[in-house]
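The block underneath contains the structure these notes are about, expressed in structure tokens.
Since every read-out is calculated from the coordinates, none of them should be taken as a lab result. As the structure is a prediction and not an experimental result, all values here were calculated from the model. Every residue, glycine among them, receives a Cβ derived from its backbone with ideal geometry; neighbour counts consider all protein chains shown.
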Amino acid sequence: MFYGDDSPIAALATPPGHGALAVIRTSGKNVIELLAERFSAPQKLKAAAGNTVVYGWILGKDRGRLDETLVSVYHAPKSYTGEDGADISCHGGYAVVQAVLETLHDAGFRDALPGEFTFRAFMNGKLDLTRAESVMEIVSAKTGKAHAGAVRRLSGDLESEIRAIKEKLVRVLAGAELFLDYSEDEFMEAGTDERAGVLPERELAQGVLADLRELAASFRIENLYQEGALAVIAGRPNAGKSSLFNRLLKEDRAIVAESPGTTRDWLEAWIAVEGIPVRLADTAGIRDSSDAIEKNGVKRSIELIKCADVVLYIVDGTVGLVDEDKQFLHSGEITGKPLIMVWNKDDVAREMTEPPAGVERVSAKTGEGVLSLSARIAEALAGRKADVADGRIGVASARQKALVDRVVEQVADALDMADKGQALDIIAPSLREAVDCLGEITGEVSTADILEVMFSSFCVGK
Ligand SMILES: Nc1nc2c(ncn2[C@@H]2O[C@H](COP(=O)(O)OP(=O)(O)O)[C@@H](O)[C@H]2O)c(=O)[nH]1
Ligand SMILES: [Mg+2]
């Protein structure tokens, strides 16, 4: 099987399992005719106008009723894929979905490959690659902010931004090429070869470079909202790590609760901290131990800390900083990591110890100080400029980021060469490659293998 034909495909587009409804999506050549063969009202289905809904039963191979459904009918090119299509809303159960898919297979449909619907939409010019990628971003967005960024890309904001930059760069390139077209003699007559070091539209190129650098820089934050970050809670036994873990889960909305049955010696859960999806991990206590099982737990904790984007180091405020804490804070695992020291049990510690400057005083017991701690976590992860919705659109996928980086490199090279007085015929290829890379971001320039790698990471039915 391969991407790129228009054969009739079908796939379950909703999660498998029990639910009020399931949607089975179909697209391709003759899908309405094929589906009509397994439909209780075939004439009605075939006569239906595009973008209308037809009621009827899906029938099995033996014409027996399988399910009572509503079928949304689409006629090319007015559909998601740009092909004829039909979305079957049937009941959401394992057996019924299997039965409907089986009868479709039997009628001539094949299983859709991952991302094949979106692939077809792209091939038929319904959306560019940035919008195609945003479809998956929408599906996987864990927080409102992640969703908002994806919606903007689906609306075409990034596509327009890339096209606008490309248009400017094409003007720079065209200026250079026009210059190159003059015969050398014309310049020689004037005494010198004036083409050297002259880049027409130089300022335009500099403006483009600035925009591109900003776009490249946007990836860190966009990616943070899309992919999330790992925050690890560490500290001595009894400092209140588990209590704080539970408190953060309660105060900051839990997105996905800890999945039971996973064999781990730490607990983790996804929470939303100021719109950032954060995988919060509660570790075993960090301390020297002779006990083998506990030693193992400590080893795992250290592994987790190594991967952390931010470490919350909990100190029992009623005890204060002890040597063991200091040892940990100066150990190799932690150097260079963003670290927030949390002075816990402040409800009782307030009278007992004086915390060092810069710590977050909290009480996991009462919830006091936890809001301020959350703000600190968000700041440690996103920096002060934590807000994505500050107007400018950003790049969200690693693919987009890598291409923008290449464009930055080529345009910077071109400007650099111009500064050094290089001839335009040396400079022009860099500009040309930059223009091509921009085309690759939106998919105007693309190869079959790039597309296949991209779309195969989609889920089936998308
Ligand atoms: N007074 C007070 N006790 C706390 C607080 N946080 C935790 N504790 C207590 O400290 C003990 C150890 O807490 P736990 O969360 O299990 O610590 P862990 O070993 O670091 O996970 C428990 O008895 C908690 O009730 C707090 O903020 N205030
Ligand atoms: Mg604990």
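What's log10 of I(q)/I(0) for the range 398-462 at q = 0.19, 0.20 Å⁻¹, Debye sum over Cα points only, no solvent?
-0.75, -0.79
List the trypsin sites (Lys or Arg not before Pro) in the range 307-406 that DSSP assigns to loop (not H, G, I, E or B) and whose Cβ has at most 10 other Cβ atoms within 10 Å. Which are they?
Sparse-neighbourhood loop trypsin sites (Lys or Arg not before Pro): 384, 385.
Once every Cα of the range 9-127 carries one equal point scatterer and solvent is ignored, give the base-10 log of I(q)/I(0) from the Debye formula at q = 0.10, 0.21 Å⁻¹, two decimals.
The Cα Debye sum returns log10 ratios of -0.26, -1.18.
As a test of the formula, what do you get for the chain when each DSSP H run with n ≥ 4 contributes -39,500 (n - 2.57) and the sum is divided by the residue count, at 222 nm and rounded to the nearest 500 deg cm²/dmol?
Roughly -14500 deg cm²/dmol at 222 nm, from the helical runs in the chain.
Show me, for the range 331-344, the HN-Hα J-couplings you get by feeding each phi into the Karplus relation (A = 6.51, B = -1.76, C = 1.60, θ = phi - 60°), rounded to Hz, glycine and proline as x.
7, x, 4, 9, 5, x, 7, x, 10, 10, 8, 10, 8, 8
Using modelled amide H (1.01 Å from N, peptide plane; none on Pro or chain starts), what sits under 5 Å from the amide H of residue 230, excluding residues fewer than 5 places away?
So residue 230 has HN proximity to 279, 309, 310.
Give the lysines reachable from residue 126 as a straight Cα distance under 30 Å; neighbours fewer than 8 places away on the same chain don't count.
29, 44, 46, 78, 142, 145, 166, 168, 401, 462
So for the chain, considering every pair of alpha-carbon atoms, how many percent are separated by more than 38 Å?
Tail of P(r) above 38 Å: 48 percent of Cα pairs.
Could you tell me the ratio Rg/Rh of the range 332-378? Both radii from Cα atoms, Rh via Kirkwood.
1.02
Under a 5 Å amide H to amide H cut-off, with H placed in plane at 1.01 Å, what residues pair with residue 57 once short-range neighbours are removed?
HN-HN under 5 Å from residue 57: 40, 41, 69.
Give me the number: length gained by fully extending residue 75 to residue 61, i.e. 0.36 nm times residue separation minus the C-alpha to C-alpha distance, one decimal in nm.
Contour length minus Cα-Cα distance gives 2.5 nm.
For a protection proxy built on the mean count of beta-carbon atoms within 10 angstrom, sort 430-439, 302-311 highest first, please.
430-439, 302-311
Apply the Karplus parameterisation 6.51 cos²θ - 1.76 cosθ + 1.60, with θ equal to phi minus 60°, to every residue of the range 442-451 and state each ³J(HN,Hα) to the nearest whole Hz, in sequence, with x for glycine and proline.
With the stated coefficients, the range 442-451 comes to 8, x, 4, 10, 7, 10, 4, 6, 4, 5 Hz.
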